[in-house]
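Data block below; observations after.
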Number of protein chains: 2
Amino acid sequence: MTGPSAGGLPMAVALPGLPARVRIHEVGARDGLQNEKSVVPTEVKAEFIHRLAGAGLTTIEATSFVHPKWVPQLADAERLFPLLGDLPDIALPVLVPNARGLERALALGARRVAVFGSATESFARANLNRSVAGSLAMFAPVVARARAEGLHVRGYLSMCFGDPWEGAVPVARVAEVAKELLDLGCDELSLGDTIGVATPGHVAALLTELTGRGVAVDAIGVHFHDTYGQALANTLVALQHGVTTVDASAGGLGGCPFAKSATGNLATEDLVWMLDGLGIDTGVDLGRLTATSRWLAGRLGRPSPSRTVRALSPEQAQSPSSEE
Amino acid sequence: MTGPSAGGLPMAVALPGLPARVRIHEVGARDGLQNEKSVVPTEVKAEFIHRLAGAGLTTIEATSFVHPKWVPQLADAERLFPLLGDLPDIALPVLVPNARGLERALALGARRVAVFGSATESFARANLNRSVAGSLAMFAPVVARARAEGLHVRGYLSMCFGDPWEGAVPVARVAEVAKELLDLGCDELSLGDTIGVATPGHVAALLTELTGRGVAVDAIGVHFHDTYGQALANTLVALQHGVTTVDASAGGLGGCPFAKSATGNLATEDLVWMLDGLGIDTGVDLGRLTATSRWLAGRLGRPSPSRTVRALSPEQAQSPSSEE
């Protein structure tokens with residue numbers, strides 16, 4: 001029996017009201033790998049990013065300039081970033097947790113940075129060791145300095161829907177913190193469903209709240225986790241509300257190391273299958289992307305959790321290490 | 001850290017335009033178990049169905065009166081069905097492949113039956129050993145006799161979006177066969193994405209084609225597979241088009257034994273998480289349903305593929321057999 005990929009599937013059928021093009025913000029190399037217990041060699045990370053670029057991804061979050069003590073996996077940022085110098089047309093944002101991280105990124109010539117905030121007090125305390133207000137105060141000079149250097153600044157906002165300590169998070173509260181991040185000078189937000197509990201009505205309500213407060217939909221990205229299988233349905237509703245920036249992780253790598261239940265970033269392949277099916281341009285070649293995730297799964301020694309990667313690579317579930 | 005289930009999540013936030021109530025057609029005991037290689041004891045099947053009813057499911061497909069040679073797992077239909085006699089308020093449809101199967105079902109007092117057709121010639125040949133027209137001719141007296149006996153008749157239609165041999169399936173062709181099944185006397189259709197390749201625009205196009213031809217949306221059920229992770233996004237679009245009957249399989253059990261790439265029915269738990277989050281009434285208690293799938297996973301000796309079951313049962317992935 002021929003696999004469906006051989007039959008020109010998915011068939012592209014547009015759904016009225018959706019954007020013509022979506023920019024995928026690929027987070028596998030940073031958000032994905034940072035949860036891997038075994039440290040991945042710097043050269044493998046560099047090859048991963050080159051393969052992602054070869055598959056057509058144009059925004060690839062590369063690493064984090066966090067203190068090595070907190071995320072040993074990304075302690076090689078100074079060695080990795082220069083290996084990406086031959087990708088001048090690819091946006092390579094890097095996470096900068098504080099002023100020291102920004103200086104490290106600037107020293108290497110990074111042109112895009114991201115700060116990582118929280119919508120809830122509990123997660124701000126757990127992840128940043130300060131209050132929401134305190135973390136915004138810490139970001140203020142970082143964002144100002146980055147802007148003064150002409151950098152593009154993304155503001156991650158985590159726990160936008162539910163929080164493991166606080167339960168449901170009010171949309172008004174999320175919108176307040178989001179506005180503050182934008183007021184600091186962030187060019188773009190990424191609304192994170194860090195523990196994966198969001199459902200489509202909640203997503204619509206938050207986006208309506210934000211745009212109702214004057215936030216441009218072009219400044220909003222969405223970052224869904226597939227912990228409860230909801231990420232693609234949530235993405236669809238975000239597209240129906242005009243969002244055109246979607247975060248995803250090749251092969252479904254990663255989650256959040258500080259939130260136990262936060263398994264499963266949305267897999268880029270599952271997203272591309274849907275967008276290809278909707279006739280929405282992403283510039284991504286699904287076959288090359290899937291091959292990249294199979295290759296990395298071989299390096300990591302376990303299969304990808306992406307359903308699309310598994311469906312297109314039936315042999316992979318048995319022997320990931322045999323994949324090249 | 002407290003799990004999100006303890007925090008009253010998902011938060012219920014309605015999305016405008018969706019139905020207030022959805023009827024879940026639970027297929028785990030038939031469509032799910034029929035793919036299990038090891039024969040499940042009849043008493044375990046009966047307990048599974050009782051537990052599903054206890055979790056609030058009201059339509060539970062119980063078994064199939066197919067020839068035992070084709071599906072040995074369901075060869076105990078005559079022994080199983082009488083064990084369900086204490087569930088008078090639960091709809092317990094059974095699959096009847098032909099006139100002989102219908103007579104067996106009638107002899108046991110079944111009140112709901114289903115026939116299983118194909119939208120494509122290739123799958124009709126592979127699964128039914130005849131053409132689409134030939135299969136409809138075979139179903140005609142079966143449906144007529146069932147109707148004469150006052151039974152409710154469901155018509156499954158498989159390969160409604162893609163076919164492993166034929167690729168994309170034209171919506172006009174699917175609509176033609178669907179209309180013929182209804183004209184035979186079927187009360188309800190179940191549109192199957194047997195190989196899981198559908199995407200939301202394609203789903204919308206097929207539903208628009210059907211209702212444009214006069215098919216009442218109340219007569220349409222949807223049956224999505226999660227092979228490429230698309231099932232919930234497709235379900236959401238179906239709800240946006242007025243569909244109120246959704247097929248799902250507890251714990252994500254099963255697929256189609258005759259279609260190699262057809263892994264992964266939509267998990268009922270993932271569906272209920274979304275519907276709970278949308279404030280749509282299903283009558284299902286997610287906690288009891290998840291406990292049922294954990295219990296069955298223990299009996300089958302492997303973890304559930306449902307993301308929601310895994311997220312709500314973190315210990316289950318390590319030791320499914322310890323779950324009761």
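Numbers at a glance
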| quantity | calculated |
| --- | --- |
| Restricting region B:18-30 to residues that are of a type outside the set (A, V, I, L, M, F, W, C) and open to solvent by less than 10 Å² (accessible area, probe 1.4 Å), the residue that is farthest from B:E78 (Cα to Cα) | B:H25 |
| Residue in region B:154-166 that is within 26 Å of B:H225 (Cβ to Cβ) and open to solvent by 40 Å² or more (accessible area, probe 1.4 Å) present | yes |
| Given (1) of a type in the set (F, W, Y); (2) in a loop (DSSP other than H, G, I, E, B); (3) buried (at least 24 other Cβ atoms within 10 Å of the Cβ), index of the condition B:W70 fails | (3) |
| Residue count for region B:136-175, restricted to those that are away from every other protein chain (no Cβ under 11 Å) and not in a loop (DSSP other than H, G, I, E, B) | 24 |
| Qualifying positions in region A:95-134 - open to solvent by less than 60 Å² (accessible area, probe 1.4 Å), in a helix (DSSP H, G or I), closer than 17 Å to A:V177 by Cβ and aliphatic (A, V, I, L, M) | A:A124, A:A126, A:L128, A:V132 |
| Options B:Q230, B:Q240; residue that is modelled with pLDDT of 95 or more, crowded, with 18+ Cβ neighbours inside 10 Å, out of contact with any helix residue (DSSP H, G or I) (no Cβ under 7 Å at 6 or more places or on another chain) and within 11 Å of chain A (Cβ to nearest Cβ) | B:Q240 |
| Residues satisfying the stated conditions in region B:49-63, i.e. surrounded by fewer than 24 Cβ atoms within 10 Å (Cβ to Cβ) and outside any loop (DSSP other than H, G, I, E, B) | B:H50, B:R51, B:A53, B:G54, B:T59 |
| Odd one out for B:G254, checked against (1) at pLDDT below 95; (2) within 12 Å of chain A (Cβ to nearest Cβ) | (2) |
| Selected residue (criterion: most open to solvent (accessible area, probe 1.4 Å)) from residues of region A:174-200 that are in contact with a helix residue (DSSP H, G or I) (Cβ under 8 Å, 6 or more places away or on another chain) and of a type in the set (D, E) | A:E180 |
| Any hit, region B:6-24, residues being within 24 Å of B:G254 (Cα to Cα) and either away from chain A (no Cβ under 14 Å) or not in a loop (DSSP other than H, G, I, E, B) (or both) | yes |
| Set B:V217, B:V171, B:V203: member being open to solvent by less than 10 Å² (accessible area, probe 1.4 Å) and in contact (Cβ under 8 Å) with a residue 12 or more places away in the chain | B:V203 |
| Unique residue being without any contact (Cβ under 8 Å) to a residue 12 or more places away in the chain and acidic (D, E) when the list is B:E103, B:E78 | B:E103 |
| Unmet criterion (only one of (1) modelled with pLDDT under 95; (2) in a helix (DSSP H, G or I)) for A:L296 | (1) |
| So B:L128, is it within 30 Å of A:T308 (Cα to Cα), away from every other protein chain (no Cβ under 14 Å) and at pLDDT below 95 | yes |
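The values are calculated or read from the model by the stated rules, or taken from the named source; none is laboratory data. Quick caveat, the model's predicted, so the values are computed rather than measured. With ideal geometry, Cβ positions are generated from the backbone for all residues, glycine too; neighbour counts draw on all protein chains shown. Side chains are part of the model used for accessible areas, which takes the heavy atoms of the whole protein and leaves out ligands, DNA and RNA. Shrake-Rupley method; radii C 1.70, N 1.55, O 1.52, S 1.80 Å.
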